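Engineer: Got a structure here, written out as structure tokens. Questions coming.
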Amino acid sequence: MSTATSARPLTAPSSHAPRAGGTPRRSRTRTRLELALLLAPGLVLFVGFVLVPIGVAAFYSLYSWNGFGPLTDFVGLDNYVDAFSGDVFQSAIAHNLIIAALTIIVQLPLSISLALLLNRKLRGRTFLRMVVFAPYVLSEAVTAVIWLLMLQPGGFVDQVLRGAGLGWAVQQWLADPKIVLYSLFVVITWKYIGFGVILLLAGLQGIPAELREAAALDGASSWQTTRHVVLPLLGPTIRVWIFLAVIGSLQLFDLVWIMTLGGPANASTTMATYLIDHGFKRYEFGFGSAVAVILFIICFTFALLYQRFALRRDTDGALTRAVN
Amino acid sequence: MSRRNGVGYLAAFAVIGITVVPLLFVILGGFRTTAQINRASAGLPGPWVWDNYLEVLGSPYFWRLLGNSALIAVIATTLAVGFGSMAAFALSRYAFRGREAFYTLFTLGLLFPLGVATLPLYLWLRQLGLLENPLGVALPEAAFSLPITIVILRPFMNAIPVELEDAALLDGTAKLGFFWRILLPLSRPALATVSVLAFVSSWNFFLLPLLVFNDSTNFTLPLGVAMFQSEHSQDTAKILAFTALSMIPALTFFVLAERRMVGGLTGSVKG
């Protein structure tokens, strides 16, 4: 371990050269080699398993293809036209959007309140944090199976409601096309609320205590401090959360697939379940690829717009500027 | 102040209830018989039945799935964190043309979670001969974990003072030596965070294993839980026991890593 404390005489400051302008050729070649060595493995992995498949999907999407044999049946943009003109896909997009909207309207206030609560000096806070985060670490599969069983007709949820005298509220949670999407949303909230809380707690810890103390000294009530000091400073974290939550809602698959397979009567189909249903269950690989590309374009457009209009301010350090 | 905390405790109890009750339903349900559950699914075990858990624990299938999941998660995490920290080092401590372009390329990956690319990925893996192979799942998982790894590590590595690097270089340490012996140890909190993220997302991943594995001996735990549920749909108690046991590894891992995770995330999101 060679740390800064060396007894060696510091002969010439020129040994310090590599980061400055006129570097000797040998060290420049060396730097290039190092860069190649450092970047290549990640780049190969990333290009090979992230970018190539997406590029390939765009290519397949122009063909009618069952996944086997050569690509011969070129259909141009027909797959895209078919997808957009189909009722099921249209309602799948709508379902994704409903989930995204509900997520922001319901989960965001809930996450913020929980994060503020968990940031207080309550007794048993550590335990409480663990509890809130626990569902987030469970796999979607486990979550889906748990709630699938609890929501069975006459199952746990129904019995608890009846026991509490709320028998009238009992529904066909997963079998009623009008209700199924909202039942799924409750499960989604249960599963993912912990993630928002983690993120916001981290954001809260980044807010200097001096700011709150200063506000308190100035006579601000704790609600005023929260409203006018803490929340604005949480802005960047909240905007990142919204971004991740919307992208997540657009990609929704596992929970829906295990709990309802998109049913009943396509009432809970999402873009991703539609994609897998057509690609793998019906061997429409060309059509499935087109749906994948559409899903990708929707996410990408949202990301670009959001980046451009909402996240931009955050990338150059909203807090530092606000404080200075 | 105390009234406010009173409301706080009340809210805390509600949260605990809503979160914990489903988990208790699973764990306690595993100690009942299906007949008991059908009679009153909100009840407590009476008498306590150990058979469900013992049967699952005694079946080689459960351990096989646990091993598969662990193997895949370890490979994916090692690759993502190893390659990711190398790339983050290059992108944070070297000045070269195209650096920001490389960084943007990697951050693009944040926009397409694995779900979008699965269909073509499946065809690509088929072509590479990686179906029914743990690597067929681990490699893509590592690739899709790279962006978040780099996005979290780069600012962290950036924040480590230049003076440390200068001192090390003056001392005759090569730049790569600085990376290995000084920067990586100093980045431990951030490395812990990205490892947890990569590990948990691999451990929980469902869609890709669903497509890559047909042979049930290759299944991962989440896949096994879903399949077990649909195959034993009459035997609720056994499903609950299987599900409860498969929750344990993730929860244990999480309890061990929780504190580091919040710590490591602080500062990754500017604000």
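Engineer: Please list, ordered by chain and number, the residues whose modelled amide H lies under 5 Å from the amide H of A:Y63; skip anything fewer than 5 residues away on the same chain.
Structural biologist: The list, which skips near neighbours in sequence, is A:V75.
Engineer: Dimensions of segment A:172-324 along principal axes (Cα, Å, largest first)?
Structural biologist: 66, 36, 20
Engineer: Next up: Under Stokes-Einstein, with the Kirkwood radius over Cα pairs standing in for Rh, what whole-number D in µm²/s applies to segment B:164-249 at 4 °C and 1.567 mPa s?
Structural biologist: In µm²/s, the coefficient is 78.
Engineer: Say R0 is 30 Å: what FRET efficiency, to the nearest 0.05, do B:I248 and B:N5 get from their beta-carbon distance?
Structural biologist: 0.35
Engineer: Compute the angle between helix B:60-93 and the longest alpha-carbon principal axis of chain B, please, reported from 0 to 90 degrees and rounded to the nearest 10.
Structural biologist: Tilt of helix B:60-93: around 20 degrees.
Engineer: Across chain A, where is the longest run that never hits trypsin sites (Lys or Arg not before Pro) in a DSSP loop with at most 16 other C-beta atoms within 10 Å? It would help to have the intermediate numbers written out before the result.
Structural biologist: Details: sites that count: A:R120, A:K121, A:R123, A:K178, A:R282.
Between the exposed loop sites, the longest stretch runs A:1-119.
Engineer: For segment A:116-133, just list the computed ³J(HN,Hα) in residue order, Karplus coefficients 6.51, -1.76 and 1.60, θ = phi - 60°, integers in Hz, with x standing in for Gly and Pro.
Structural biologist: Calculated HN-Hα couplings, in order: 4, 4, 6, 7, 7, 8, 8, 6, x, 5, 4, 4, 4, 4, 3, 5, 5, 7 Hz.
Engineer: Cα centroid distance between segment B:108-140 and segment B:2-56, in Å?
Structural biologist: With segment B:108-140 and segment B:2-56 each reduced to a Cα centre, they are spaced 38 Å.
Engineer: Oh, and also: So, counting K/R as plus one and D/E as minus one, what does the shell of residues with Cβ under 14 Å around B:F83 add up to?
Structural biologist: Residues near B:F83 contribute 0 overall.
Engineer: Additional query: Each label point is 7 Å from the Cα along the Cα-to-Cβ direction; what then is the distance between the points at B:Y61 and A:R282, in nm?
Structural biologist: Between B:Y61 and A:R282, the label points sit 3.2 nm apart.
Engineer: Loop only by DSSP, 15 or fewer other Cβ within 10 Å of the Cβ. Give me the chymotrypsin sites (Phe, Trp or Tyr not before Pro) in segment B:7-91 that pass, ordered by residue number.
Structural biologist: B:W48, B:W50
Engineer: Okay, moving on. Per the Kirkwood treatment, what hydrodynamic radius in Å, one decimal, follows for segment A:122-182 from the mean inverse distance over all distinct Cα pairs?
Structural biologist: About 13.6 Å, per the Kirkwood formula over Cα pairs.
Engineer: Of the residues A:V293, A:V157, A:V132, which exhibits the maximal mean-square fluctuation in a Gaussian network model of chain A defined by a 10 Å Cα contact cut-off?
Structural biologist: Checking each option, the largest mean-square fluctuation is seen for A:V157.
Engineer: Which angle between 0 and 90 degrees, to the nearest 10, do you get for helix B:134-158 versus the longest principal axis of chain B when only C-alpha atoms count?
Structural biologist: Long axis of B:134-158 versus the principal axis of chain B: about 50 degrees.
Engineer: Which value, to two decimals, describes the C-alpha radius of gyration of segment B:59-265 once divided by 2.2 N^0.38 Å?
Structural biologist: This ratio for segment B:59-265 stands at 1.19.
Engineer: Tell me the relative contact order for chain B as a rounded percent, counting alpha carbon contacts under 8 Å between residues six or more apart.
Structural biologist: Relative contact order, chain B: 30 percent.
Engineer: Give me the one-decimal nm value for the distance between modelled label points at B:A159 and B:T104, 7 Å along each residue's Cα-to-Cβ direction.
Structural biologist: Result: 2.6 nm between the two label points.
Engineer: Would you please report the Å³ per residue occupied by the convex hull of the alpha carbon atoms in the protein assembly as shown? Intermediate values should be presented prior to the final figure.
Structural biologist: Numbers: hull volume 114.4 nm³, N = 595.
Convex hull of Cα atoms, per residue: 192 Å³.
Engineer: Taking 7 Å along the Cα-to-C-beta vector as the label spot, tell me the A:R123-B:A174 distance in nanometres, rounded to one decimal.
Structural biologist: 5.9
Engineer: Still on this model: Would you please name the chymotrypsin sites (Phe, Trp or Tyr not before Pro) within segment A:120-187 that are DSSP coil residues with at most 12 other C-beta atoms within 10 Å of their C-beta? Before the final figure, lay out each step's value.
Structural biologist: On the way: sites: A:F127, A:F133, A:Y136, A:W147, A:F156, A:W168, A:W173, A:Y182, A:F185; in loops: A:W173.
Answer in residue order: no site qualifies.
Each reported figure results from applying straightforward, stated rules to the coordinates on display, with no laboratory input. Since the model is a prediction, treat every value here as computed from it, not as a measurement. Note: ideal-geometry Cβ built from the backbone for every residue, glycine included; neighbour counts use all protein chains shown.
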